[in-house]
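Take a look at the structure below.
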Amino acid sequence: MKNLHPLFGWFAAASLPLLVPFAAHAEDVTPANYRWLTFAVFAAVILMTMYITYLAAKKVRSAADFYTAGGGISGLQNGWAIAGDYLSAASFLGIAGLISQYGYDGFMYSVGWLVAYITVLLLIAEPCRNIGKYTLADILAYRNDPTKARVVGALSVITVSTFYLTAQMVGGGVLVKTLIGIDYEVSVVAVGILMLGYVLFGGMVATTWVQIIKAVLLVIASLLIVMLVWTPYGFSLPAFMADIVGDPKVQSQVAKLLGDPAKTMTAAELGQRFLEPGLYLKAPIDQISLGLALVFGTAGMPHILMRFFTVRTAQAARKSVVWAMAIIGGFYLMTLFLGFGAAHLVGPAVIAGVDPGGNMAGPLLAQFIGGGPQSLWGNFMLAFVSAVAFATIVAVVAGLVLAAASAMAHDLWVGVVRRGENVPAQEQVAAARVATVFVGAMAIAIGVAAKGQNVASLVALAFAVAASANFPCVLLTLYWKRCNTHGIVAGMVIGTVTAVGLTLVSPNLTYPKLVRAAAHKVLDSASAKRAAIEAAIASHDAVLMANVTRDTVALDKAVKKANDDLKKVEGKETSFMGLEKPVIELKNPGIISIPLGFLAVILFSLWRRDKRAEAMWDEVVARQVTGMRVSKPAHY
Amino acid sequence: MSSAMDWTAIVADPRFQALQRRKARFLWGLMAISLLYYFALPVGAAYYQNLFKMQVWGVINVGLLFALSEFVVAWLIAFYYSRVANRDFDRLAAEIVADFAPQEGG
């Protein structure tokens, strides 16, 4: 590894100019005279993570170092790293945004992300630690046909990681663009190069520390904002909530969401409605389906499973999940204050004006609470939260790239192509680095290519595939004696295909005919609405006049959106899949594809027997129950 | 397998079987409780809206308290599991392992 350091110098030199655009084009949320502050805070966070990568790079000598930090991470450290790996920008900014726009439903949405760790803690973390080595496929290959198990396991890991990675890259690009005003392409490349640097040089050691730092910064930033928001109420929850409910900005947001039924409601009723379910999540079946994908999918997420190989014992794995649950749960509790606080102090309309998805709720609240857009502290808080958001994307992407690269290098190259026989340590590390560069380059390319696409449903799809394919296979090979290679192969294929297939025919895709119909409906009713506004102006009635400006703005927006939509689907008749309308109304496939995945593993295992899988059962169950772990890399 | 451990003997040991049964009952039981409690939230939000809307603590309603309780219950389950595992499962497992493989620390 002697030749590493000059290369690392190149990486550092290549990364620094990326900071310049941050300072040069910052224009969106940050005022021009405070750009230097954004630059300084970003530079501090990036330099800190790069220094740690530099230290980590010296320690990465073997494949075990690269994939699992040599198993030298403690339970507490791993708990923070899991939180850092898991709390993506979608949960950091997205859930606070959902709460600021839709109140109760946004908070309810956050619960599943924590409950998911019960499954990980009780059923998955410790046995995985005992039976796996570097990857998810290691667990599958333990008692099944190693080649087949590795091929399906690796393919599934690559599929899940790619979906999740695409969502992170596109979401991250948009986020950085909105936060600091640099070009989308530049921010995707910046995220990609930094991430690549961490993983390539520092492997799991650097990835772990970047995740820990990011999680600590995230918790500090959130705690600080929560304190500032909540202190004026003497830390009383009812007093805080009473102010949310009584806020005219919140009340008019509810009126906007409800439409006509709101006309008969009083202001107090409208405010109270913000704390009641049903403003965002409409179909219960979709929620339950998504809930299933979350609580089972997390336990099948390759980048989360991989974290359990970085600790030495089952006890440490257990401890790390408990810590992770404390941190993740505590964070989601804080989003309650971030989201409702942003709705009250900044206002749902202002937040949606900066970003229609509400993602800017947290950063805007930070700016407000620090003293507003023209104050030093306000912009420091904004820069801090933005830098944490940037670190968040990089840390999550690094974990995903490492998981996908390990599937390619460890499972496919070393395990399948080289049959795992006497592969020199140097070749293993080299394969891991080559795979990392490949996956990283792919992530950047996909991120740039998918510009402007709606990728929100890809996160849900990644969880659905993990829950329908990875989870049944891992769970049953650990806990069911008759489970074997045939079941694993069938479960992986059927779980993945049904989850992806059902999503492709779901309402998540764009259906030009439906879009066109909806747009025409808006345009057709526009003239009547315009007439109503003009009548209000003509009437000189003070009550009617009061809403004229707001109604005009809303109408103009709706008409513009309808016209944009029409332009987007111009000349198209069918969805990407050649369909005129969705085949199923289900937005998340989990409720169908998860049972099918389980059924496939069970039926195909029962259908054909596999001597090796049964012969190995005693060893698997003994390790699973007692916590004895695989100490030598003997199995391929 | 090159491993020197006699896995069949471990699995046949009555202490092992008792531990396996106890762990299975405990883990799957806790799992079932946590799933039931979690899915009660979306089901309640969809079908018991009148209950969820009831204000019980200032403007705070049953639905909000129930969502908050999900965090507490998740933490309690995690805490309870790790307590029992640290106190009982690890000790019982160590006793079995010590008899069969004094050289491998577990």
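Mind checking which residues of region A:55-100 are crowded, with 24+ Cβ neighbours inside 10 Å and more than 17 Å from A:Ala389 (Cα to Cα)?
A:Val60, A:Ala63, A:Phe66, A:Tyr67, A:Thr68, A:Ala69, A:Ile73, A:Asn78, A:Gly79, A:Ile99, A:Ser100
Within region B:1-88, which helices (runs of 4 or more DSSP H) (wholly inside it) include 3 or more residues that are open to solvent by less than 90 Å² (accessible area, probe 1.4 Å), over 27 Å from A:Tyr479 (Cβ atoms) and not hydrophobic (A, V, I, L, M, F, W, C)? Give the steps one after another, and end with the answer.
On the way: elements: B:7-12, B:14-47, B:49-53, B:62-84.
Those helices (runs of 4 or more DSSP H) do not exist here; none qualify.
In region A:221-257, how many residues are assigned to a helix (DSSP H, G or I) and within 14 Å of chain B (Cβ to nearest Cβ)?
Result for region A:221-257: 13.
Just checking, does region A:533-540 include any residue being more than 19 Å from A:Asp556 (Cα to Cα) and either of a type outside the set (Gly, Ala, Ser) or in contact with a Lys or Arg (Cβ under 9 Å, 6 or more places away or on another chain) (or both)?
Yes, that holds for at least one residue.
Check whether at least one residue in region B:59-67 is within 9 Å of chain A (Cβ to nearest Cβ), among the aliphatic types (A, V, I, L, M), touching a residue at least 40 places away in the same chain (Cβ under 8 Å) and over 20 Å from A:Ala324 (Cβ atoms), and report yes or no.
no
Would you mention how many residues in region B:42-83 are closer than 17 Å to A:Leu290 by Cα and at pLDDT below 95?
Here the count works out to 5.
Look through A:Ile180, A:Ile193, A:Ile158 and report the one residue that is crowded, with 24+ Cβ neighbours inside 10 Å and over 22 Å from A:Gly71 (Cβ atoms).
Step by step, each of A:Ile180, A:Ile193, A:Ile158 is checked, and only A:Ile180 is crowded, with 24+ Cβ neighbours inside 10 Å and over 22 Å from A:Gly71 (Cβ atoms).
Among the residues of region A:382-413, which ones are open to solvent by 10 Å² or more (accessible area, probe 1.4 Å), at pLDDT 90 or above and either of a type outside the set (Phe, Trp, Tyr) or closer than 19 Å to A:Gly197 by Cα (or both)?
Of everything in region A:382-413, those that are open to solvent by 10 Å² or more (accessible area, probe 1.4 Å), at pLDDT 90 or above and either of a type outside the set (Phe, Trp, Tyr) or closer than 19 Å to A:Gly197 by Cα (or both) turn out to be A:Met408, A:Leu412.
Listed here are the residues, each with its yes/no results for (1) among the β-branched types (Val, Ile, Thr); (2) open to solvent by less than 90 Å² (accessible area, probe 1.4 Å); (3) modelled with pLDDT of 95 or more.
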site	(1), (2), (3)
A:Asp564	no, yes, no
A:Thr574	yes, yes, no
A:Glu580	no, no, no
A:Ile584	yes, yes, no
A:Ser593	no, yes, yes
A:Phe598	no, yes, yes
A:Val601	yes, yes, yes
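Kindly check whether there is at least one residue in region B:81-98 that is more than 9 Å from every other protein chain (Cβ to nearest Cβ) and farther than 30 Å from B:Trp7 by Cβ. Talk me through it step by step, then tell me what you get.
Let us first name the residues in region B:81-98 that are more than 9 Å from every other protein chain (Cβ to nearest Cβ), namely B:83-84, B:87-88, B:91, B:95, B:98.
Next, only the ones that are farther than 30 Å from B:Trp7 by Cβ stay: none.
Scanning region B:81-98 turns up no residue that is more than 9 Å from every other protein chain (Cβ to nearest Cβ) and farther than 30 Å from B:Trp7 by Cβ.
Quick test of your reading of the structure: A:Pro238 fulfils all but one of (1) under 18 Å from A:Thr335 (Cα atoms); (2) open to solvent by less than 20 Å² (accessible area, probe 1.4 Å); (3) touching a Phe, Trp or Tyr at 6+ places or on another chain (Cβ under 6 Å). Name the failing condition by number.
(2) is the only condition that A:Pro238 fails.
Name the helices (runs of 4 or more DSSP H) wholly within region A:270-357 that hold at least 2 residues that are of a type outside the set (Asp, Glu), on the phi > 0 side of the Ramachandran plot and within 8 Å of chain B (Cβ to nearest Cβ)?
Values: elements: A:284-297, A:302-307, A:314-345, A:348-354.
Filter on region A:270-357 gives an empty set.
Run A:Val417 past the list (1) open to solvent by 60 Å² or more (accessible area, probe 1.4 Å); (2) within 30 Å of A:Ser605 (Cα to Cα); (3) aliphatic (A, V, I, L, M); (4) in contact with a Phe, Trp or Tyr (Cβ under 9 Å, 6 or more places away or on another chain) and report the number of the one that doesn't hold.
Of (1) open to solvent by 60 Å² or more (accessible area, probe 1.4 Å); (2) within 30 Å of A:Ser605 (Cα to Cα); (3) aliphatic (A, V, I, L, M); (4) in contact with a Phe, Trp or Tyr (Cβ under 9 Å, 6 or more places away or on another chain), only one is false for A:Val417: (4).
The values are calculated or read from the model by the stated rules, or taken from the named source; none is laboratory data. Everything numeric here is computed off the predicted structure, so don't read it as measured data. FYI the Cβ positions are ideal-geometry reconstructions off the backbone, even for glycines, and counts take in every protein chain you see. These accessible areas exclude ligands, DNA and RNA; they are computed on the full protein's heavy atoms, side chains included. Shrake-Rupley method; radii C 1.70, N 1.55, O 1.52, S 1.80 Å.
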